[in-house]
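Asks: One structure is given below, represented as structure tokens, and several questions about it will come after.
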Amino acid sequence: MNNSAANTGRVLWAGLRALLVLTVICGVLYPLAVTGIAQVAFPGKANGSEIKDASGKVVGSALIGQTYLTGDKPDLRWFQPRPSNGLGANSVNTRYKLILSGATNRSGDNADLIKWVTDAKAAVVKDNSVDGYRVNPADVPADAVTSSGSGLDPHISPEYAKLQVHRVAEKNHLTVARVDELVAEHTDDRMLGFIGEPRVNVLELNVALRELAARQ
């Protein structure tokens, strides 16, 4: 009995020592080392890919989209993101609030999806048609009327951004040429020249737009 108790005690003490050592290594030292390396090598990404405005205020993350609304309708002063039920209502300078993540995908012949896309397309044509410029429904890209897989995509295609240029220029009393330049300046090419598609980060573009409009 004594030997059995002693053996049990040694096993428990060995297990406790292993727990303490592994807790310090895996729960303290390793996270601190990884965090330190990340802060030195990739500080922006390590801190959430924050986007700041001209005053240095954090207005969101480059990795998560935002919507730009007046009440429950799009605020047409700003470039609009992909449609999504997963984004919290925001403008470029309000506190960032995320509601949920989730796609709106359905089968191609689903009646709800057909109605969503049809309604979204009509809204895109209406919202972006201004005096002297009429949006051709055939030119409305897919990302203007469908959400991404997560519903949180921060990017739109250059085609969708350019489709919005005339409306944004009119609402902000800017020239079409200058807003078109702004879109070109904020269009990212394919990664390494062949991965993915060209894209425009909507929040970064709207931050630059606000700064440009403020100088007018």
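The values are calculated or read from the model by the stated rules, or taken from the named source; none is laboratory data. Note that the structure is predicted; figures quoted are calculated from it, not measured. With ideal geometry, Cβ positions are generated from the backbone for all residues, glycine too; neighbour counts draw on all protein chains shown.
Asks: Among the residues of the range 188-205, is there at least one that is at pLDDT 95 or above, small (Gly, Ala, Ser) and either over 20 Å from the mean Cα position of the chain (by Cα) or in the same structural domain as Val117 (by TED's automatic domain parsing) (or both)?
Replies: Checked against the condition, which is being at pLDDT 95 or above, small (Gly, Ala, Ser) and either over 20 Å from the mean Cα position of the chain (by Cα) or in the same structural domain as Val117 (by TED's automatic domain parsing) (or both), the range 188-205 yields no hits at all.
Asks: Can you spot a residue in the range 130-147 that is of a type outside the set (D, E, K, R) and at pLDDT below 85?
Replies: So far as the range 130-147 goes, yes, one or more of its residues are of a type outside the set (D, E, K, R) and at pLDDT below 85.
Asks: Consider the range 140-179. How many of its residues are farther than 23 Å from Gly65 by Cα and among the acidic types (Asp, Glu)?
Replies: Result for the range 140-179: 1.
Asks: Please tell me if Arg134 is exposed (fewer than 12 other Cβ atoms within 10 Å of the Cβ), over 17 Å from Ala62 (Cβ atoms) and without any contact (Cβ under 8 Å) to a residue 60 or more places away in the chain.
Replies: Yes.
Asks: Now for a separate question. Against the conditions (1) in contact with a Pro (Cβ under 7 Å, 6 or more places away or on another chain); (2) modelled with pLDDT of 90 or more; (3) not basic (Lys, Arg), where does Ala62 fall short? Just the number, please.
Replies: (2)
Asks: If we keep just the residues of the range 20-70 that are touching a helix residue (DSSP H, G or I) at 6+ places or on another chain (Cβ under 8 Å) and hydrophobic (A, V, I, L, M, F, W, C), which is nearest to Gln164 (Cα to Cα)?
Replies: Ala62
Asks: Which members of the range 97-122 meet the condition of being under 22 Å from the mean Cα position of the chain (by Cα) and either at pLDDT 95 or above or assigned to a helix (DSSP H, G or I) (or both)?
Replies: Trp116, Val117, Ala120, Lys121, listed by residue number.
Asks: Any idea which residue in the range 1-53 is modelled with the highest pLDDT, counting only those that are of a type in the set (D, E, K, R) and more than 35 Å from the chain's Cα centre (by Cα)?
Replies: Out of the qualifying residues, it is Arg17.
Asks: While we're looking at this one, here's another question. Taking the condition buried (at least 20 other Cβ atoms within 10 Å of the Cβ) and at pLDDT below 85, does Leu87 pass?
Replies: In short, yes.
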